[in-house]
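Trainee: I have a structure I would like to understand better, so I am pasting it below and will then ask my questions one at a time.
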Ligand SMILES: Cc1cc2nc3c(=O)[nH]c(=O)nc-3n(C[C@H](O)[C@H](O)[C@H](O)COP(=O)(O)OP(=O)(O)OC[C@H]3O[C@@H](n4cnc5c(N)ncnc54)[C@H](O)[C@@H]3O)c2cc1C
């Protein structure tokens with residue numbers, strides 16, 4: 001049996017290891033921390049669940065196959081989660097005024113008729129420039145920008161249009177190999193359920209998981225996959241593959257903070273998935289998830305998760321709990337018009353947690369792709385094509401095929 005080592009037991013490392021083990025590899029996973037799951041985890045408390053990071057994943061064919069393979073019945077989102085809000089003086093399902101909507105549709109249609117070359121993002125173009133060019137300023141400011149900041153944690157004036165929109169625009173029509181999006185899904189007990197089932201399945205397949213490990217690439221024989229954050233991958237490869245490490249060190253990271261707050265009474269003025277907050281208003285929060293309107297049967301009382309941070313707001317993590325809660329109280333009144341006192345809270349601070357999907361990352365990935373990685377070295381993670389779990393999974397499934405093609 002062919003041996004392979006995977007460094008990092010976050011979602012990327014675990015899901016890739018599953019596919020490798022299923023393809024007949026003898027897999028060893030080396031994890032620096034005392035537990036598997038990386039960013040993902042669920043705090044179960046007397047009020048319900050609080051997700052540390054991801055609260056769900058997009059339901060693609062790859063995601064459904066993963067849940068099936070690990071024996072987990074997915075929990076789908078409630079009907080109420082279909083309603084989404086963007087803040088413009090108040091939460092609105094559609095944040096553009098009538099005249100702006102007419103201009104937005106006109107500009108979009110005009111640009112669509114000018115062909116794919118014009119519509120596609122240009123090299124090193126920011127999402128904001130693409131937006132102004134294709135859909136106009138108001139739609140960029142009040143739809144594109146808050147939407148992307150909700151996923152990538154950063155404002156559109158630096159995000160790379162081609163990294164983010166390229167795969168969507170260039171997707172072939174009716175290509176069955178591409179994931180079909182069918183809402184979102186999680187485990188009945190939250191995202192930790194996904195990690196627990198993955199870990200159990202890996203152990204069943206004979207995968208060895210080494211926790212609290214400080215393994216060095218040089219110490220490992222056979223192919224190695226480094227499945228950590230970009231920053232950790234750069235550290236790991238410094239002594240063995242200095243050129244790759246130097247490229248990875250150019251990837252900037254952003255810090256995020258996720259705060260789940262519990263209330264005795266549900267706010268029912270704006271029931272839905274949540275509310276995105278455009279940077280325009282100068283508020284600290286990037287968005288709010290209304291957990292109790294997203295998944296059923298998990299919370300004993302109403303809860304919301306507030307997301308803060310971004311590459312230029314790393315200092316937000318230095319705020320004390322009291323300062324964070326004061327900010328939420330002020331911004332909750334401004335956004336939702338609600339003054340209720342909270343029952344309890346959970347704060348998760350993630351320093352340098354996610355890659356900044358900026359134009360610099362676009363250039364770095366081009367550099368990395370133009371250079372063949374040394375024989376036997378593979379990279380996997382959320383900086384290589386998608387920050388979300390469904391994208392990581394899709395890439396991991398392809399990578400496992402490639403590795404199996406080379407070594408089995
Ligand atoms: C607040 C927040 C909300 C999010 N919401 C969503 C969402 O709703 N949906 C979604 O799809 N995605 C979401 N994401 C993104 C998603 O959670 C992450 O992109 C994903 O979990 C990253 O997984 P990973 O395995 O690539 O990295 P990580 O989870 O960072 O795992 C990397 C692992 O490598 C280990 N490691 C590091 N260095 C070493 C070393 N030297 N040796 C051994 N091990 C090492 C780390 O300890 C860690 O366990 C969210 C992220 C955040 C922060």
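All of the numbers you see were taken from the coordinates with simple rules; none came from a lab. Here the structure is a predicted model, which is why all the values come from computation and not from measurement. Backbone-built Cβ (ideal geometry, glycine too); neighbour counts: all protein chains shown.
Trainee: Taking the number of other C-beta atoms within 10 Å as the exposure measure, put 281, 302, 345, 357 in order starting with the fewest.
Mentor: Neighbour counts put them in this order, fewest first: 281, 345, 302, 357.
Trainee: Now a separate question. Please give the helix 359-370 orientation as an angle from the longest Cα principal axis of the chain, in degrees from 0 to 90, rounded to the nearest 10.
Mentor: Result, in degrees: 20.
Trainee: Against the longest alpha carbon principal axis of the chain, how many degrees, from 0 to 90 and to the nearest 10, is the axis of helix 191-204 turned?
Mentor: It works out to around 10 degrees.
Trainee: Continuing with the same structure: Restricting to the chain, what percent of DSSP beta bridges are antiparallel, rounded to 5?
Mentor: 70 percent
Trainee: Further question on the same structure: What full-extension length gain, to one decimal in nm, is calculated for residue 171 and residue 320 as 0.36 nm per residue of separation minus the Cα-Cα distance?
Mentor: Extra length from residue 171 to residue 320 when fully extended: 49.2 nm.
Trainee: Output the peptides 337-344, 349-356 sorted from most to least packed, where packing is the average of other Cβ atoms within 10 Å over each peptide's residues.
Mentor: Averaged packing, sorted descending, gives the order 349-356, 337-344.
Trainee: So what's the back-of-envelope 222 nm ellipticity for the chain, counting only DSSP H runs of four-plus at -39500 (n - 2.57) apiece and dividing by all residues, rounded to 500?
Mentor: So the helix-based figure for the chain works out to -10500 deg cm²/dmol.
Trainee: A further question follows. Quote the relative contact order of the stretch 96-169 in percent (integer), defining contacts as alpha-carbon pairs under 8 Å separated by 6+ residues.
Mentor: After rounding, I find 37 percent.
Trainee: To continue, here is another question. Order these peptides, 93-101, 51-59, by their mean beta-carbon neighbour count within 10 angstrom, highest first.
Mentor: 51-59, 93-101
Trainee: Ok, one more. For the residue pair residue 344 and residue 83, what label-to-label distance in nm results when each label sits 7 Å from Cα along the Cα-to-beta-carbon direction?
Mentor: Placing both labels 7 Å beyond Cα along the Cβ direction yields 2.8 nm.
Trainee: Say we join alpha carbon atoms closer than 10 Å with springs in a Gaussian network model of the chain; which of 336, 168, 325 then has the biggest fluctuation?
Mentor: Most flexible of the set in this elastic network: 168.
Trainee: Report relative contact order for the chain in percent, whole number only (criteria: Cα-Cα under 8 Å, sequence separation at least 6).
Mentor: 27 percent
Trainee: So, one more: Can you tell me how much longer the chain between residue 280 and residue 296 gets when fully stretched, taken as 0.36 nm per residue apart minus their C-alpha distance, in nm with one decimal?
Mentor: Working it through step by step, the gained length comes to 2.4 nm.
Trainee: When the chain is fully extended, how far beyond the present Cα-Cα distance does residue 242 get from residue 22, taking 0.36 nm per residue of separation?
Mentor: 76.0 nm
Trainee: Answer rounded, prolate or oblate for the stretch 99-150, using the Cα gyration tensor with square roots of eigenvalues a ≥ b ≥ c: rounded when a/c is under 1.5, else prolate when a/b is larger than b/c, else oblate.
Mentor: Cα axes put the stretch 99-150 in the oblate bin.
Trainee: Which of the peptides 11-19, 123-131, 32-40 is most tightly packed, and how do the rest follow, going by the mean number of other Cβ atoms within 10 Å of each residue?
Mentor: The densest-packed peptide leads the list: 11-19, 123-131, 32-40.
Trainee: Dividing the alpha-carbon Rg of the chain by 2.2 N^0.38 Å yields what?
Mentor: Dividing the Cα Rg of the chain by 2.2 N^0.38 Å gives 0.99.
Trainee: Got a sec? How would 193, 367 order by Cβ neighbour count within 10 Å, fewest to most?
Mentor: So the ranking, lowest neighbour count to highest, is 367, 193.
Trainee: Expressed as a rounded percentage, what relative contact order does the stretch 241-323 have, with Cα pairs under 8 Å and six or more residues apart?
Mentor: Relative contact order here is 37 percent.
Trainee: What distance in nm separates the two pseudo spin-label positions at residue 203 and residue 116, each 7 Å out from Cα along the beta-carbon direction?
Mentor: Taking the two extended label points, one gets 4.8 nm.
Trainee: A further question follows. Once the Cα atoms of helix 98-113 and of the chain are each reduced to a long axis, what angle between those two axes, in degrees from 0 to 90 to the nearest 10, is obtained?
Mentor: Orientation of helix 98-113: about 40 degrees from the principal axis.
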